[in-house]
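Below: one structure, written as structure tokens.
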Amino acid sequence: MQHAPAGDRAAARYAAGHRAGAYQGADQRIADAEERRQVERMYDELIATGTVEKTLPEDDRTVQDLHAAEVLIKKAAQTRAFQGASPSFRAIVS
């Protein structure tokens, strides 16, 4: 679940007004019509909600989930290491 920062949302709303021009170059690069429609649905959801969840393709969702799991594992290891550190070290870092 990716959210656009507040400043980016304003820029995205501005860009939405110029959508036809934004898709002009993308249309030329995305030859497959179904893929183009998928990208347009994702863009519309991003503009409407600030996130792309419902229209995210399954392969992208899998990559996102694997990345999140990897990040959570690293954060958990860092937390365990921090909790096992001496009180004086925790006082310095905190």
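Throughout, read-outs are computed from the coordinates displayed, never taken from laboratory work. Every value quoted in this text rests on a predicted model; they were computed, and no experiment measured them. Cβ: placed from backbone, ideal geometry, glycine included. Neighbour counts: every protein chain shown.
Here are the numbers for the structure shown:
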read-out	value
Sequence of R41, R80 once ranked by neighbouring C-beta atoms within 10 Å, starting from the fewest	R80, R41
Per-pair calculated FRET efficiency, R0 = 22 Å: E53 and R80 via Cβ, rounded to 0.05	0.10
